[in-house]
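Written out below as structure tokens is the structure these notes cover.
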Amino acid sequence: MNAAIRGITKAAITEYGMHVIGILDGFRGLVENRTMALDWNTVSGILTHGGTLLGTSRDKPKKMPMGGEEFDMTATAVKNAQRLGLDCLVCLGGGGTQKNALHLHEKGGLNVLTLPKTIDNDVFGTDISFGYDTALSIATDAIDRLHTTATSHQRIIVCEIMGHNSGWLALGAGIAGGADVILIPEIPYDLDVVSQFLINRRRAGKRFSLIALAEGARNKNEIVTEAVEAKKKPKIRKKKTGDEKDLVEGDDHDLLPVFQEPKASRLARDLQRLTGIEARVTSLGHVQRGGAPTPADRLLCTRLGTRAAELLAEGKYNVMVAVRGTECVAVPLKDVAGQKKIVPLNHPWIETARLVSTCMGDRYSV
Ligand code: F6P
């Protein structure tokens with residue numbers, strides 16, 4: 001994020017003579033009118049720092065949690081943007097951010113411009129999102145390290161990797177780290193297939209097995225159970241129309257999603273039972289979102305950020321700056337918002353994984 005904020009700000013100020021304001025903590029900061037000046041000095045030295053000097057939040061303008069309830073704060077967000085005299089609101093984020101930015105444009109008439117940022121790499125319309133390469137390198141490094149201990153102790157190790165409902169991160173890190181099994185949401189897995197694969201490996205004399213498990217991966221039985229459970233689930237979220245006067249201090253705990261037990265634990269338990277091989281779990285979690293960005297991400301952020309400034313100078317609004325091949329191009333936001341880029345089943349990476357005998361969990365292989 002910082003590298004992109006720096007790219008936009010430096011190019012906007014020096015090349016195009018713009019005035020840049022940073023909004024703190026994402027859409028919540030816009031609703032609460034919290035900003036900071038972005039100038040040459042504030043963005044100096046942040047290229048190599050992970051995270052964002054502006055802070056962020058998951059809050060959406062149209063469903064802003066306040067005092068245990070949710071309010072539609074779109075009008076306040078728009079009013080505050082107008083008060084600041086913004087020509088354009090630049091939003092950096094994943095799929096949700098693209099949708100919220102489009103919402104502010106369509107419902108509030110704001111000019112917006114977005115950049116694709118997520119470790120999940122699932123933003124539609126761009127070849128890659130920034131953050132992905134850094135997380136990929138962390139997850140790959142973790143798999144490398146897990147190999148050492150797995151082989152010493154003759155264990156199965158299940159390594160849970162983020163990615164939300166897409167498998168880009170687990171697939172990429174799994175291939176790069178040489179995982180023996182890669183399980184991704186796009187390919188529902190069969191527990192018997194996986195356990196038989198692990199038993200065969202042990203019989204063939206392999207001392208260990210490494211499983212790269214995407215957090216969104218599901219086995220075939222879970223998919224059926226979840227569909228039934230989803231029907232029973234009570235709705236706890238409330239939505240109201242609000243204004244600044246409705247902002248009250250309070251406890252938003254009721255609005256938090258149910259705490260998630262790492263999926264990897266359950267899988268490891270099942271595999272130990274089915275194979276008789278000792279299994280261990282590592283859930284990488286938010287480690288994947290920390291630390292310094294990789295050179296590839298810094299380069300990408302700087303390219304996308306400076307291209308964003310160029311588009312702003314041309315008055316080209318309501319677009320996402322996307323990577324297509326070697327180019328950074330503007331794509332209409334309405335063509336990308338609300339869609340997800342999951343791993344296509346015919347993607348060359350899946351074929352590549354299978355060709356090095358990786359089990360993808362769906363069919364028996366050697
Ligand atoms: O979208 C990025 C991501 O890290 C996903 O991979 C993961 O599912 C989610 O965010 C975790 O969200 P939070 O940080 O809100 O727990």
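The values are calculated or read from the model by the stated rules, or taken from the named source; none is laboratory data. These figures come from a predicted structure and were not determined experimentally. Every residue, glycine among them, receives a Cβ derived from its backbone with ideal geometry; neighbour counts consider all protein chains shown. Keep in mind that these areas ignore ligands, DNA and RNA; they rest on the heavy atoms of the full protein, side chains included. Shrake-Rupley method; radii C 1.70, N 1.55, O 1.52, S 1.80 Å.
Looking at the stretch 170-184, which of its residues are within 18 Å of the chain's Cα centre (by Cα), outside any strand (DSSP E or B) and closer than 13 Å to residue 350 by Cβ? Once the filter is applied, which keeps residues that are within 18 Å of the chain's Cα centre (by Cα), outside any strand (DSSP E or B) and closer than 13 Å to residue 350 by Cβ, the stretch 170-184 yields 170, 171, 172, 174, 184. Scanning the stretch 102-124 for residues that are away from the ligand (no atom under 16 Å from the Cβ) and within 30 Å of residue 344 (Cα to Cα) yields 102, 103, 112, 113. If I ask for residues that are closer than 17 Å to residue 270 by Cα and surrounded by fewer than 17 Cβ atoms within 10 Å (Cβ to Cβ), which ones from the stretch 203-228 would you list? Across the stretch 203-228, the qualifying residues are 220, 221, 222, 223, 225. Taken over the stretch 304-330, the criterion of being in a helix (DSSP H, G or I), of a type in the set (D, E, K, R) and in contact (Cβ under 8 Å) with a residue 12 or more places away in the chain is satisfied by 307, 310. Take residue 123 and tell me if it is of a type in the set (A, V, I, L, M, F, W, C), within 30 Å of residue 136 (Cβ to Cβ) and open to solvent by 20 Å² or more (accessible area, probe 1.4 Å). Against the criterion (of a type in the set (A, V, I, L, M, F, W, C), within 30 Å of residue 136 (Cβ to Cβ) and open to solvent by 20 Å² or more (accessible area, probe 1.4 Å)), residue 123 does not qualify. The residues of the stretch 128-172 that are within 16 Å of the ligand (Cβ to nearest atom), among the hydrophobic types (A, V, I, L, M, F, W, C) and more than 29 Å from residue 303 (Cβ to Cβ) amount to a single one, 159. In this structure, does residue 115 turn out to be open to solvent by less than 20 Å² (accessible area, probe 1.4 Å), part of a strand (DSSP E or B) and touching a helix residue (DSSP H, G or I) at 6+ places or on another chain (Cβ under 6 Å)? Yes, satisfied.
Per this entry, residue 90 is not counted among residues that are closer than 26 Å to residue 326 by Cα, surrounded by 18 or more Cβ atoms within 10 Å (Cβ to Cβ) and more than 19 Å from the chain's Cα centre (by Cα).
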